[in-house]
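Read the figures in this text as sums done on the coordinates, not as results from a lab. Worth saying up front: this structure is predicted, and the values here are computed from it rather than measured. So basically every Cβ, Gly included, is an ideal-geometry build from the backbone, and we count neighbours across all protein chains shown.
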Amino acid sequence: MKLTRKELGELIFEAIVTMTIMYFLLMGFYLIFNQIVQSPPEFLPQINSLWDVILFIDFIVIEYKFIILVSALLFSVFFTWWRLFRRYKQMQLRHILDELHYIASGNFDHRIEADLNGDMNDVVNSINTLVESTVEAMEEERKIEQSKDELITNVSHDIRTPLTSIIGYLGLIEDKQYSTFEDVERYIHIAYVKALQMKVLVDDLFEYTKVRQTSTPLNYTRINLGNFLEQMAAEFELESAKQEMAIEVIMESEPLMIEADVDKIARVFSNLISNALKYGKGGSWIKIVVDKVGSEALISVKNNGPKIPEEALEELFGRFYRVESSRSHQTGGTGLGLAIAQSIVALHGGYIYAESNENETKFVMRLPLEQTPN
Ligand code: ATP
Ligand code: MG
């Protein structure tokens, strides 16, 4: 630790004062002792034994003058050093406190830099670690706050758009701004469709906030993954046939039993398959490939649609995120599907990621076959 000039001056002053006090103290002792030996006080002769002790010490002092002088000197040096060391420690503490106040006054990027040894070093390291974790917690808090604001902004925006349409079309009816009954029917239909769109958003939001909570209870059942995925694929057969896309489930290891919350996992696959149908325009197939790796199931949902840009891959699982091209296609999604899927997979103790190139886009997921009870 670097001392300031003032502190250095304080140390030198302390050294001089201590040495002077020591000098006078030792001289004082010596003189008193000498005085006693030369003219013993009245009471001493009666206490024979004490007088003997004093004479004995006198004898030692005279005989071992040199040794005693050196010892007194060493004692003084040691005492002075001890006092300086103590003062130095106080200064270190003062430095640390100053730095702490500096950090506490809002300079959270600052860390206490002190080249110390021993306990003091441990204290400084602990303080730095504490500051580090506090700053991290604050940053986390700030991000949560910011993401809540974003959520509110997104939700209000996504609700306002269909709501404006609903109010607009119902307003036309209210103001009798229609000429035929068909007009009324048309306006009502549009308002109805927009209301349904709003309901999907609200339902998705509800689902999203539910699965985001790690404490959400899951209703585990043991299912045959192959059969389950075949059923899921069958539900989309009509839609895929319309788009001339073939859906295929490929089981690389069978039978594969897995413990999962069926409704929630079904939500994941239905989003992945419907995404492949919605955004895989121009593609001709969707493949669901299942394999067993150790104690986990490795499932990929692939399609040969357009490539997802590299920079979008990491964002896909963020709520309300939609690749720009999907927005312009007016595919009508809320952008919550993959965020919900990711949370559901995480609740099952697994993880999901996306890969995409010119030939295929795939969503890969690992799910543990068995669930360990908490
Ligand atoms: P929602 O699922 O809530 O109705 P969404 O489908 O737009 O809405 P996500 O499922 O989260 O939302 O998907 C996010 C975005 O990822 C989509 O808007 C799309 O741009 C992109 N995406 C997802 N799957 C694919 C895919 N198979 N091919 C190309 N892009 C995809
Ligand atoms: Mg989707």
Worksheet entry | Between segment 156-201 and segment 330-360, the alpha-carbon center distance in angstrom | 31
Worksheet item: What is the spread of the Cα atoms of segment 103-147 along each of their three principal axes, largest first, in whole Å?
Response: 43, 16, 12
Response to the item:
Under the rule rounded for a/c under 1.5, else prolate if a/b exceeds b/c, else oblate, using alpha carbon gyration tensor axes a ≥ b ≥ c, segment 168-225 is classed as prolate
Fill in: Pairwise FRET efficiency - residue 254 versus residue 274, Cβ, R0 = 22 Å, nearest 0.05
0.30
Worksheet item: So which lysines can residue 307 reach, going by Cα to Cα under 29 Å and dropping same-chain residues fewer than 8 places off?
Response: 242, 264, 278, 281, 287, 292, 362
Worksheet item: When the convex hull of the C-alpha atoms of segment 207-283 is computed, what volume per residue in Å³ does it have?
Response: 105
Discussion item. Nearest 10 degrees is fine. How inclined is helix 5-38 to the longest principal axis of the chain, computing both from alpha carbons?
Written reply: 30
Item to complete: May I ask for the Rg/Rh ratio of segment 235-374, computed from Cα atoms with Rh as the Kirkwood radius, given to two decimals?
Response: 0.96
Item to complete: Mind giving me the FRET efficiency for residue 81 and residue 35? R0 is 30 Å, r the Cβ-Cβ distance, nearest 0.05 is fine.
Response: 0.45
Discussion item. At a 10 angstrom cut-off on C-beta neighbours, averaged per residue, how do the peptides 214-227, 287-300 rank from highest to lowest?
Written reply: 287-300, 214-227
Discussion item. Between residue 130 and residue 180, how high is the FRET efficiency from 1/(1 + (r/R0)^6) when r is the Cβ-Cβ distance and R₀ = 56 Å? Nearest 0.05.
Written reply: 0.15
Fill in: Three semi-axes of the equivalent ellipsoid, segment 250-320, Cα gyration tensor, whole Å, largest first
24, 16, 13
Worksheet item: How much space per residue, in cubic angstrom, does the convex hull of the C-alpha atoms of segment 153-279 take up?
Response: 163
Discussion item. Can you compute the radius of gyration and Dmax for the chain, using only the Cα atoms, both in Å?
Written reply: 41.4, 138
Worksheet item: What order, most packed first, do the peptides 314-322, 202-210 have when packing is the mean number of other Cβ atoms within 10 Å of each residue?
Response: 314-322, 202-210
Worksheet item: Could you work out Rg/(2.2 N^0.38 Å) for segment 136-211, with Rg from alpha carbons only?
Response: 1.59
Worksheet, complete the sentence: Taking Lys and Arg as +1 and Asp and Glu as -1, residues besides residue 14 with C-beta under 12 Å from its C-beta add up to +1
Fill in: Separation between Cα centres of segment 274-326 and segment 106-146, rounded to whole Å
41
Fill in: Computed [θ] at 222 nm, helices only, for the chain once each DSSP H run of length n ≥ 4 contributes -39500 (n - 2.57)
-21500 deg cm²/dmol
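Averaging sequence separations of C-alpha pairs under 8 Å and six or more residues apart, then dividing by the length of the chain, give the relative contact order as a whole percent.
Answer for the chain is 11 percent.
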Worksheet entry | For segment 5-110, convex hull volume per residue from C-alpha positions, Å³ | 147
Item to complete: Please give the contour-minus-distance gain from residue 310 to residue 26: 0.36 nm per residue of separation, less the Cα-Cα distance, rounded to one decimal in nm.
Response: 94.0 nm
